[in-house]
Every structure is written in C-alpha cells, then in structure tokens.
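Worksheet: the structure to be examined is printed underneath.
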Amino acid sequence: MGNQSAYIPQAVFTKAQIRYLKIKRASDFLMALIMLLILWPILLLAMLWIKLESKGPAIFKQRRPGYHQEIFSIFKLRTMRTEVVDKNGRPLTDEERMTKSGNFLRKTSIDELPQLINILKGEMSFIGPRPFLINDLGSYNQQQLIRFDVLPGMTSWTAIHGRNNQTIQDKYNQEIYYVKHIGFKIDFEIFIKTILVVFSQKNVEDHTNDGRIGAEIMDDLKIGDGK
C-alpha cells in the first residue's frame with residue numbers, strides 16, 4: 001500500500017457516474033479559468049501583502065498524492081513565515097510562524113485560490129477528497145484507498161462535516177462514502193455547504209495535520225518547495 005506504481009483502482013463506477021466525471025472535469029476547467037480571470041486582482045493583492053509582511057515566496061508548493069496516488073505539487077498562498085526555528089535553534093510553533101496576512105487568508109480560504117492552477121492542469125477538482133501527506137500513504141486500509149480513484153479537491157465531503165473535530169482516520173472513512181456516491185447531488189450539497197462554512201468562518205481552518213506536517217515542510221524547504 002502507498003506505492004503509486006502498484007496502485008490498483010478500487011472503485012466500481014456506474015455508467016452514469018463515469019459520464020458525470022467526464023462532465024465534471026470539463027466544467028471544472030471552464031470554471032477555474034473564469035475564476036482566475038475574475039479573481040486575479042484579489043490574488044495579486046494577497047501576494048503583495050504576503051511579500052510585504054515577511055520574506056519568502058508568496059506562493060509555495062508542496063508534494064501530495066493525487067489521482068491514482070500520482071505525486072503532484074499543490075499550490076497555496078504562504079500563510080506562515082519561512083523560519084521554522086528561532087535564533088537559538090528552538091522549533092517555532094505554527095502559531096508563532098503564522099502571519100497576520102496568513103491568518104486572514106486562511107479564515108477566508110483565499111490561501112486556497114492558487115489551486116485553481118492545479119485544476120487547470122488536471123491535477124485537482126473543485127470537489128473531491130482533500131490530498132493529504134505523502135507520509136500518510138502507508139496508513140490507508142484497502143477500503144480507504146478508494147479516495148485515489150477520483151481527483152482530489154479544493155473542498156470535500158469532510159470539509160462540511162466538522163473537519164476540525166475529526167481524526168485522520170475519520171476523514172479517510174468519510175471519503176469512502178463520497179466516492180461511492182459521487183454525482184451531481186452530493187457535489188452540489190458540498191458546494192452549497194462549503195460556501196456557508198466559508199462565510200460563517202466556522203471550521204475553516206483544518207488543524208488535523210498540526211504536529212504531523214513539520215517534517216514534510218522541512219523537507220520541502222530543502223528542495224525549494226516549502227513555505
């Protein structure tokens with residue numbers, strides 16, 4: 001498990017679901033293109049704010065497993081300082097590294113906007129299982145691997161079900177239901193409820209990876225892919 005070259009699809013989609021997935025990919029591309037054309041001023045202002053507040057790139061990329069466990073680079077606006085230790089070598093907490101711009105961008109989910117590029121590239125969808133860490137690839141059971149049979153998403157079934165109150169395994173299991181029932185109805189429900197979550201700013205930030213992601217960020221920084 002976790003070896004992308006040996007990945008075997010788990011899902012058995014109906015003909016209707018296969019048709020829907022094709023339509024979904026085409027609509028994702030069109031919508032992502034339209035949104036980038038409309039929202040680029042907001043994205044530009046956010047990038048300027050990040051650069052003015054702290055050193056480092058405004059956009060960072062991090063390697064994640066996607067469709068059929070293929071590794072891709074997910075794009076996000078940087079919300080933390082690039083320093084991971086203080087002048088004495090003490091590891092800084094996520095709270096200490098968080099910038100004012102980052103706090104705002106996370107609460108409003110604006111930090112996720114660069115993933116529109118991932119959608120245009122065919123690496124992501126607007127709706128689908130959130131791509132977790134490469135280090136997690138060995139932690140899925142056979143049923144949970146079904147999440148890799150669809151494109152990962154900017155928002156997900158877990159995002160509308162109290163994502164801050166779930167363990168990683170809870171999230172894996174939530175996505176089993178999503179992939180098996182994938183279609184317009186469930187995606188529309190996720191779309192509407194995601195908008196409500198963003199505007200209410202409840203459970204917008206996902207802290208499930210806190211304490212797990214540090215090592216991977218350090219690795220990314222070494223190869224130029226970090227925050």
_I need the calculated FRET efficiency for the pair LYS55 and THR167, taking r as the beta carbon distance and R₀ as 35 Å, to the nearest 0.05._
0.50
_Under the 0.36 nm per residue contour assumption, what length would be gained going from the current alpha-carbon distance of ILE23 and VAL84 to full extension?_
17.7 nm
*Name the residue farthest towards the positive end of the dipole of segment 1-143 from the options ALA26, GLY66, LEU113, assuming +1 on Cβ of Lys and Arg, -1 on Cβ of Asp and Glu, about the Cα centre.*
ALA26
*asked:* Please list, by residue number, every one of the trypsin sites (Lys or Arg not before Pro) in segment 20-66 that is coil in DSSP and has at most 14 other beta-carbon atoms within 10 Å.
replied: LYS55
_Could you report segment 1-145's accessible area per residue, 1.4 Å probe, as an integer in Å²?_
55 Å²
*Leaving out ligands, DNA and RNA but keeping every protein chain, what accessible area does TYR177 have, in Å² rounded to the nearest 10, with a 1.4 Å probe?*
110 Å²
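The values are calculated or read from the model by the stated rules, or taken from the named source; none is laboratory data. None of these values were measured; they are calculated from a predicted model. So basically every Cβ, Gly included, is an ideal-geometry build from the backbone, and we count neighbours across all protein chains shown. Only protein heavy atoms, including side chains, enter the accessible area calculation; ligands, DNA and RNA are left aside. Shrake-Rupley method; radii C 1.70, N 1.55, O 1.52, S 1.80 Å.
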